[in-house]
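The values are calculated or read from the model by the stated rules, or taken from the named source; none is laboratory data. This is a predicted model, so every value here is computed, not measured. Cβ sites come from the backbone with ideal geometry, for glycine too, and all protein chains shown count toward neighbours.
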Amino acid sequence: MIVFEDVYFSYGTRSVLKGLTFKVKESERVAILGGSGEGKTTILKLIVGLLKPDSGRILIDGEDITLKEEDELMDIRKKFSIVFQDGALFDSLNVKENVAFCLREYTKMSEEEIEQKVRELLRIVGIEEAIYYMPDELSGGMHRRVAIARSLAVTKPKMFLYDEATTGLDPINAENICQLINELSKDGTGHIIVTHKLVDALRVAERFIFLKDGRIVFDGNIVELKESQYPDLVIFKKELQYVI
Amino acid sequence: MVERIKRLISDLQDFYLLAFNGLMGIFRRPFYLKDTIEQMDYAGAGSLLIVLIVSLFIGMALSLQLSAELASLGLKMYTGKIVGIAVIREVGPVTVALVYCGRVGAGMASELGSMVIGHQIDSLRVFGVDPIKKLVTPRILSSLIILPALTTIGDAIALLGGYYVAVFVSNQSGYVYWSSIRDILDFENVFSGSVKPFIFGFIIATVSCYMGLTTKGGAKGLRRSTTNAVVLSIILIIISDFMLTRILLYVLGFTL
């Protein structure tokens, strides 16, 4: 479904991605790991066309999105559901209005239907009681849950993209978010989770991509991950020693 | 150096595109009426008290200065006329625009800037909502409506302030003051003062939105974009005021 072919990207003079090449199938559960500033979030933004690469091609279902204009990217974006770090909720709207945002934009549902749909989505993510809360009244975990509910409002995505979905959360909330991610993938929907927490990546992914200096230095499954002796990856794996 | 020039040209191009698309958004669907009304409420109702206070004291100070100067020449009866012309053509539109810029422009830049930092703009784009149409157009439209309205109210209050000083401090005739004001309320003066708020409103909204939407970095970046929005708007208001005055005087047939 997603193909990166020799993708280069830089922010001004700072080169972030240097010739990235990889493929992700539709139902795959992938974790992209790496330190801060390695371009993990940039990859998600490139997938949905929020950023354009300096060179290289990005194919979504065979279509090269690097050549598309903003208004042509809508059909591509409908295939994904992206949950940004901290949820990116509209802070002037309450939870109901945040989740109902796309329903109001794209459907002609009545107020009752919208309320019903919002409650249904909030029930799926387990926070129906927060329907009238403002974003600043929500905890970090609730933020992510509302963002997930909002992303499910209009279309059923082919793939979920999570940007640091568990970063900054306590272990219980992180576990809950991981469970929710797994729950949403049960019907074969794939997901890419960008994180620097290997513990959480292991909970939700079957394939692991490790970035270092703008390049992929590891791409493999759990068995290969355990065996890898790549120095930076070994440091990441040390985190696991402290789990028990 | 070449790189900086290239970046400046690129920034200018982006700004013109934002200003053009933001303005054209007024005539294209979808129309975000609720967002526009919210902006009008924030910009209008929220700024009214400040405009009233500032305009009142500007009018009073102007009247005080002129009364003192004209009294020494034995021309006190012209206070109303000069205060009226100054307020309607020049001081009123510029003062209200500066107040509007400091309050509303800074608010626009910081609000949009924090939306950029919090990925809310990215969210809008992912949901297929054009951020220019949804965020910039309502701000431009509300500024085009609210700033002229605030200027009209501000002018009236400044003239009242001038009246108070002229009559109760400088002991002039109230009848003479108001009849002088009535005399200068001709097409040339009113038109000259009415055109400016529309231009100033457009400048403040577009500059502030552009600065907000191009925010980079965290809190420091937000501070920079908000400061830049206010400073650049003020500079552009003052420069465009001079240019507009020159053009309007020429168009309306005033001789220098």
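Numerical summary
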| quantity | calculated |
| --- | --- |
| Per-region count, the stretch B:201-229, residues aromatic (F, W, Y) and crowded, with 24+ Cβ neighbours inside 10 Å | 1 |
| In the stretch A:94-109, residue surrounded by the fewest Cβ atoms within 10 Å (Cβ to Cβ) [restricted to those that are more than 10 Å from every other protein chain (Cβ to nearest Cβ) and free of Cβ contacts under 8 Å to residues at least 12 places away in the same chain] | A:K108 |
| Condition check for A:L73: at the interface with chain B (Cβ under 10 Å from one of its Cβ atoms), modelled with pLDDT of 90 or more, in contact with a helix residue (DSSP H, G or I) (Cβ under 8 Å, 6 or more places away or on another chain) and surrounded by 16 or more Cβ atoms within 10 Å (Cβ to Cβ) | no |
| Pick from the stretch A:76-90, criterion free of Cβ contacts under 8 Å to residues at least 60 places away in the same chain and under 15 Å from the mean Cα position of the chain (by Cα), ranking: nearest to the other protein chains (Cβ to nearest Cβ) | A:A88 |
| Given (1) in a helix (DSSP H, G or I); (2) over 16 Å from A:T41 (Cα atoms), index of the condition A:Q229 fails | (1) |
| Residue within the stretch B:187-200 that is more than 23 Å from the chain's Cα centre (by Cα), more than 17 Å from B:S55 (Cβ to Cβ) and surrounded by fewer than 24 Cβ atoms within 10 Å (Cβ to Cβ) present | no |
| Any helices (runs of 4 or more DSSP H) falling wholly within the stretch B:1-109 and containing at least 3 residues that are at pLDDT below 90 | B:2-24, B:46-73 |
| Single residue of A:A201, A:A165, A:A147 found to be buried (at least 22 other Cβ atoms within 10 Å of the Cβ) and in a loop (DSSP other than H, G, I, E, B) | A:A165 |
| Tally of residues being among the hydrophobic types (A, V, I, L, M, F, W, C) and either in contact with a Pro (Cβ under 9 Å, 6 or more places away or on another chain) or over 19 Å from B:P138 (Cβ atoms) (or both) across the stretch B:5-25 | 4 |
| Selected residue (only one of B:G74, B:G84 is away from chain A (no Cβ under 14 Å) and on the phi > 0 side of the Ramachandran plot) | B:G74 |
| Candidate set: the stretch A:91-116, residues that are within 22 Å of A:E137 (Cβ to Cβ) and among the charged types (D, E, K, R); chosen: the one nearest to the chain's Cα centre (by Cα) | A:D91 |
| Members of the stretch B:98-133 that are more than 30 Å from B:S55 (Cα to Cα), surrounded by fewer than 22 Cβ atoms within 10 Å (Cβ to Cβ), more than 8 Å from chain A (Cβ to nearest Cβ) and among the aliphatic types (A, V, I, L, M) | B:V116, B:I117, B:L124, B:I132 |
| For A:R57: the one exception among (1) surrounded by 14 or more Cβ atoms within 10 Å (Cβ to Cβ); (2) of a type in the set (K, R); (3) touching a residue at least 60 places away in the same chain (Cβ under 8 Å); (4) away from chain B (no Cβ under 12 Å) | (3) |
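For every residue, the table says whether it meets (1) over 26 Å from B:I234 (Cβ atoms); (2) of a type in the set (A, V, I, L, M, F, W, C); (3) part of a helix (DSSP H, G or I).
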site	(1), (2), (3)
B:L147	no, yes, yes
B:A166	yes, yes, yes
B:R182	yes, no, yes
B:V190	no, yes, yes
